[in-house]
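Everything on this sheet refers to the single structure shown next.
The values are calculated or read from the model by the stated rules, or taken from the named source; none is laboratory data. Here the structure is a predicted model, which is why all the values come from computation and not from measurement. When we count neighbours, we look across all protein chains shown, and the Cβ atoms used for this are built from the backbone with ideal geometry, even at glycine.
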Amino acid sequence: MASSSCVSFAYDDLGLPVVANPSLSAPFAPSAPALPPVSTGTTIVAVSFKDGVVLGADTRTSAGSYVVNRAARKISRVHERICVCRSGSAADTQAVTQIVKLYIQQYAQELPKGEDPRVEAAATVFQSLCYEHKDVLTAGLIVAGYDKVKGGQIYAIPLGGALMPMRYTAGGSGSGYISAFMDANFKENMTQEEALTLVKNSVAHAISRDGSSGGMIRTVVITKEALLEDCVEGNQLPVDP
């Protein structure tokens with residue numbers, strides 16, 4: 001007689017059933033391939049002007065060819081007048097930013113009353129973390145802000161953990177499409193409006209050419225007086241794709 005394919009049970013000392021079919025106790029192995037890591041494969045830009053700095057970024061977050069979020073925030077506030085633009089692994093850059101934000105908050109409490117952390121100090125902490133863990137982190141950052149010692153400042157931290165002061169810079173997958181455009185249009189001592197226009201046009205050009213960049217354009221203007229955020233919706237981009 002053919003053997004039965006029914007599941008048989010044994011019972012433990014407490015009288016509870018235990019599956020006796022070993023094939024059912026094998027670890028579960030999903031047949032569908034896992035999605036690639038979530039990436040902010042991205043365009044981030046920072047430009048200095050005579051009174052401060054302007055930062056800009058697109059808003060598309062992707063996992064391979066799948067768009068995870070079309071309205072992500074890639075510019076994170078670290079302190080009152082310090083921000084960071086994030087590209088690379090979304091998880092890595094968010095974790096590093098949270099660590100630095102906590103460190104800077106603690107550092108600010110130790111400063112004399114009326115003193116704020118310097119932009120260079122925040123950039124150095126970012127650089128230290130990225131360099132020490134360069135083998136496991138995928139993070140390209142731009143740290144920018146304003147302090148009363150050096151005014152508006154921009155620091156680029158590419159993969160590997162170098163720290164480079166810049167007057168203007170771009171990062172992420174879309175940066176290769178706009179480097180020449182920024183070289184041709186940047187000038188010293190620009191007005192706030194000129195710098196903001198350059199940032200918006202640069203990100204818009206990258207969005208029209210880079211498949212990993214898209215969505216909207218978020219901008220942040222940092223001066224001695226204020227930190228101002230703005231957003232340009234995808235159907236109102238200054239450059240027509």
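On inspection, Ala29 does not qualify as assigned to a loop (DSSP other than H, G, I, E, B) and at pLDDT 60 or above. Annotation: of all residues in the range 54-96 being farther than 30 Å from Glu188 by Cα and among the hydroxyl-bearing types (Ser, Thr, Tyr), the one that is surrounded by the most Cβ atoms within 10 Å (Cβ to Cβ) is Thr93. Evaluated against (1) crowded, with 21+ Cβ neighbours inside 10 Å; (2) at pLDDT below 95, Gly211 falls short on exactly one condition, (1). Among the residues making up the range 157-180, those that are more than 13 Å from the chain's Cα centre (by Cα) and crowded, with 16+ Cβ neighbours inside 10 Å are Gly161, Leu163, Tyr168, Thr169, Gly174, Ser175, Tyr177, Ile178. When the range 90-137 is limited to residues that are of a type in the set (S, T, N, Q) and touching a strand residue (DSSP E or B) at 6+ places or on another chain (Cβ under 6 Å), the one that is nearest to Ser175 (Cα to Cα) turns out to be Thr93. Listed conditions (1) of a type outside the set (A, V, I, L, M); (2) at pLDDT 95 or above; (3) under 25 Å from Leu198 (Cβ atoms) are all met by Thr42, apart from (2). A single entry from Asn185, Asn201, Asn189 fulfils the requirement of being surrounded by 17 or more Cβ atoms within 10 Å (Cβ to Cβ) and polar (S, T, N, Q): Asn201. Is it the case that the range 91-111 has a residue that's part of a loop (DSSP other than H, G, I, E, B) and over 21 Å from Cys231 (Cα atoms)? Yes, some residue in the range 91-111 is part of a loop (DSSP other than H, G, I, E, B) and over 21 Å from Cys231 (Cα atoms). Does Arg86 satisfy the condition of being in a loop (DSSP other than H, G, I, E, B), within 28 Å of Glu233 (Cα to Cα), touching a residue at least 24 places away in the same chain (Cβ under 8 Å) and not aromatic (Phe, Trp, Tyr)? Considered against the rule, which asks whether it is in a loop (DSSP other than H, G, I, E, B), within 28 Å of Glu233 (Cα to Cα), touching a residue at least 24 places away in the same chain (Cβ under 8 Å) and not aromatic (Phe, Trp, Tyr), Arg86 comes out as no. The set of residues from the range 184-220 being of a type in the set (D, E, K, R) and within 24 Å of Ala139 (Cα to Cα) comprises Lys200, Arg209, Asp210, Arg218. The set of residues in the range 99-147 that are among the aromatic types (Phe, Trp, Tyr) and under 20 Å from Gly56 (Cα atoms) comprises Phe126, Tyr146. I'd like the residue in the range 214-240 that is over 23 Å from Ala144 (Cα atoms) and of a type in the set (A, V, I, L, M) and, out of all such residues, is surrounded by the most Cβ atoms within 10 Å (Cβ to Cβ). In this case the residue turns out to be Leu237.
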